[in-house]
1. Using beta carbons and a limit of 6 Å, which pairs, at least six apart or on different chains, have the first residue in region 2-19 and in contact (Cβ under 8 Å) with a residue 24 or more places away in the chain and the second one surrounded by 11 or more Cβ atoms within 10 Å (Cβ to Cβ) and of a type in the set (A, V, I, L, M)?
2. Name the one entry in Leu52, Leu67, Leu61, Leu34 that is at pLDDT 95 or above and aliphatic (A, V, I, L, M).
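The values are calculated or read from the model by the stated rules, or taken from the named source; none is laboratory data. Please read these numbers as outputs of a predicted model, since none were measured by experiment. Positions of Cβ are backbone-derived with ideal geometry, glycine not excepted, and every protein chain shown enters the neighbour counts.
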Amino acid sequence: MADSWKPNDEQKNGVISRTIEFITDEADELMQELDCPPSYIASILRAIADNLEDGQRDMHLEEDSKLDFYA
């Protein structure tokens, strides 16, 4: 997808807004369940974003040392 792509107002006010709310709610629930700091959840979200930007659909977050899943 080109960097020049921009969502229209209907997309921003509809599906994008709903998705952001959903992801935020899920992140909050995960933070509560894990009893972890917000920075840990932010690291997970950054890893997801990095993989999306790199075009990687098959994520292996358990291999991401920044997240210390098994530490």
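1. Partner pairs satisfying both residue conditions: none exist.
2. One residue alone meets the criteria, Leu34.
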